[in-house]
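Here the structure is laid out as structure tokens; the discussion comes afterwards.
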Amino acid sequence: MKTVVILSGKGGTGKTTLTSSFAVLASKESKLIMADLDVDAANLELLIQPTIEETHPFYSGETAAIDQDLCINCGLCFDVCRFDAVKRHLDLFTIDADLCEGCLSCFYQCPVSAIKTIERYSGDWFQSSTPYGKLFHARLKPGAESSGKLVSQVKSSAEYSCKDKGCDILLMDGPSGTGCPVTASIKGADLALIISEPTKSGLHDLERIYQVAAHFQVPAYLVLNKSDLNQQVRREILYFARKNQMVLLGEVPYDERVFALQADGKPLVEIEESAATDAIRLIWQRVKLEAGIE
Amino acid sequence: MIITIASGKGGTGKTSIAVNLAAALTQPQYRSSEHPVWLADCDVEAPNDALFFSFEFAWEKAVKRLIPKINQEKCNLCGRCADVCTYNAIALAGGKVIVFNELCHACGSCAAQCSLGAISEIPEEIGMLRSGKKGGIHFLEGRLNIGFSLATPIIRDLKKAMERVLLNNNGAIVIRDAPPGTSCTVAECLRGSDFALLVTEPTPFGLHDLKLITELAVGEMKLPAGVVINKSDGEDHLIADFCADRNLPILMRVPMLREIAEIYSRGELLIEAKPEYQQRFLDLFAGVKATAVQERGDG
């Protein structure tokens, strides 16, 4: 089993568009499992039409709450909380569940055990069937903490299923940024495919996500999307890649029609023959080669 | 007034709208008041606002958090620290206690629970804040260090630094550029804002994520909100229908033009490359103010 994670640093560079097309191409030759790890803006499902088979509620630990009948108003919880979640109103103390990070430091330190814990519902994760193989995905409750934990849950379920069914490829659509959902996504992957674009922001965020991949010792490969948008920044990106021995797997030309075609809710390679889809097919062949997928 | 620019989906143009709005409000010939304008880049995992200006950074500060360090000589391997850590950041392995810094939330619970005093807490830099100025724009940004996971504490420190500035500046206009998504980092940006400006694009992705961010900003946090439809090819009824349904005013449309994408790619301001946008961004701000006032009246 080979795990390929698609990342970008900057959002909106084309991760999901490319992942859905790779899914089509991969499923023709290999047994495939997919995971959408962008749990707080999960969009892969919009392109590959999943039928949900299993729904699992996701609880990310617990939050603390004060039992006012037992509380002696000593204020120790107020002192130990580092997240400003304990609120003081004169002598009364309460916990703001939105700010509580569930460390339970107050729970363990309360001298009269007046703090109880409440299981925190943070969203759902799903196992679905699609025309291209099983998809594991999730929906984070908007505003919820622990998106990294939900990513880990989706990823480990997908990995288990992949091994269990003897699949060849686990294809994972990752989140943007460099924080906890990204670190949870990239850890242990065989190959990280970084989708960048020739914009100043694209270059800046590429430099950051490249360092994350290096930090976790995951081999990073570059795909340049909308590659003819700006020749000068394109050259800067290619220079950055060369300097860091990051292999360029291909370039996809800027194509305004891609935008309108997305409305059909289908992967690009299924509805279009163009320079862009030719490039995507070629890139997938090279991904297979680099990852050692038969 | 604090305006937070959010989107759900990445790459819809939050940064574009944020930098151009800040720049439009500070052009000397258009400045209608003496309210200082602050641009606060809260997308600490991918901070890009500064690429559009050449700020002179006058102030810089490390963001530190207390990470536990185990004194292995004092430790008797009782395992209490690992038991109380709800983030699985501490483990017992090979006759040693191991701390995984990237999972640590710096809550201090382990040190408080260690009966032998074998855990000391060492300040570790997880990111930084910096501030600068260019023309009329005051700028503040946070950056998360690579290899660390915790973006929210950086945003929190950034907001605190901002609060100190605003103590003497009641009338300041603050534009917060939020990260993509709808998780805790975005909630932290929206918390304490006066207005949520939601940037979207007319695709099923844009709509899907606009629904999520509306649920958070309007449904949960009860903020007045308005929408900017970016990359609009005229066929944006998908978004317009949703906005009508949810009573969200569409405050601006920016067309889908390769020319505009190219301007952005070079790190240039739309209001400078296409001066007609100067007035359009001032109109956007007027729309934001009017919507905020109206909602306050209604609510």
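Scanning the range A:239-256 for residues that are in a helix (DSSP H, G or I) and crowded, with 17+ Cβ neighbours inside 10 Å returns a single hit, A:ALA241. Can you tell me how many residues within the range A:102-135 are polar (S, T, N, Q), over 27 Å from the mean Cα position of the chain (by Cα) and open to solvent by less than 30 Å² (accessible area, probe 1.4 Å)? Here the count works out to 1. When residues in the range A:163-195 are screened for being within 12 Å of another protein chain (Cβ to nearest Cβ), farther than 17 Å from A:LYS288 by Cα and outside any loop (DSSP other than H, G, I, E, B), 7 of them pass. All conditions in (1) open to solvent by 10 Å² or more (accessible area, probe 1.4 Å); (2) within 11 Å of chain B (Cβ to nearest Cβ); (3) modelled with pLDDT of 95 or more; (4) not in a strand (DSSP E or B) hold for A:PRO198, with the sole exception of (1).
For the criterion of being touching a strand residue (DSSP E or B) at 6+ places or on another chain (Cβ under 7 Å), touching a residue at least 24 places away in the same chain (Cβ under 8 Å) and over 30 Å from A:ILE95 (Cα atoms), A:PHE58 fails. Taking the condition out of contact with any helix residue (DSSP H, G or I) (no Cβ under 8 Å at 6 or more places or on another chain), of a type in the set (Asp, Glu) and touching a residue at least 24 places away in the same chain (Cβ under 8 Å), does A:ASP67 pass? So A:ASP67 passes the test.
When the residues of the range B:99-155 are narrowed to those that are assigned to a strand (DSSP E or B), within 13 Å of chain A (Cβ to nearest Cβ) and in contact (Cβ under 8 Å) with a residue 60 or more places away in the chain, which ends up most open to solvent (accessible area, probe 1.4 Å)? Checking each candidate, the answer is B:ARG143. For the range B:210-245, the candidate set comprises residues that are out of contact with any strand residue (DSSP E or B) (no Cβ under 9 Å at 6 or more places or on another chain) and in a loop (DSSP other than H, G, I, E, B); within that set, the residue that is farthest from the other protein chains (Cβ to nearest Cβ) is B:LYS222.
May I ask you to list the residues in the range B:161-188 that are within 11 Å of chain A (Cβ to nearest Cβ), small (Gly, Ala, Ser) and assigned to a helix (DSSP H, G or I)? Within the range B:161-188, just B:ALA187 meets the criteria. Close Cβ contacts (under 9 Å, 6 or more residues apart or on different chains) running from residues in the range A:275-294 that are acidic (Asp, Glu) to residues that are part of a helix (DSSP H, G or I) and surrounded by fewer than 18 Cβ atoms within 10 Å (Cβ to Cβ) comprise A:GLU294/A:GLU29.
Okay, residues lined up against (1) under 14 Å from A:THR13 (Cα atoms); (2) open to solvent by less than 50 Å² (accessible area, probe 1.4 Å); (3) without any contact (Cβ under 8 Å) to a residue 40 or more places away in the chain:
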residue: A:VAL218; (1), (2), (3): no, yes, no
residue: A:SER227; (1), (2), (3): yes, yes, yes
residue: A:GLN232; (1), (2), (3): no, no, yes
residue: A:VAL258; (1), (2), (3): yes, yes, no
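Taken as a whole, the range B:13-31 holds at least one residue that is basic (Lys, Arg) and open to solvent by less than 60 Å² (accessible area, probe 1.4 Å). Checked against (1) crowded, with 16+ Cβ neighbours inside 10 Å; (2) part of a helix (DSSP H, G or I), B:ARG296 meets all criteria but (1).
Of the strands (runs of 3 or more DSSP E) lying entirely inside the range A:41-123, those containing at least 2 residues that are modelled with pLDDT under 95 and within 14 Å of chain B (Cβ to nearest Cβ) are A:51-66. Reported count of residues in the range A:261-274, each being within 14 Å of another protein chain (Cβ to nearest Cβ), small (Gly, Ala, Ser) and either open to solvent by 60 Å² or more (accessible area, probe 1.4 Å) or farther than 14 Å from B:GLY206 by Cα (or both), is 1.
The single residue among B:LEU166, B:LEU158 that is touching a strand residue (DSSP E or B) at 6+ places or on another chain (Cβ under 8 Å), under 20 Å from B:ALA22 (Cβ atoms) and open to solvent by 10 Å² or more (accessible area, probe 1.4 Å) turns out to be B:LEU166.
The values are calculated or read from the model by the stated rules, or taken from the named source; none is laboratory data. Values in this document were obtained by computation on a predicted structure and should not be read as measured data. Cβ sites come from the backbone with ideal geometry, for glycine too, and all protein chains shown count toward neighbours. Please note that ligands, DNA and RNA were not included when accessible areas were found on the heavy atoms of the full protein model with its side chains. Shrake-Rupley method; radii C 1.70, N 1.55, O 1.52, S 1.80 Å.
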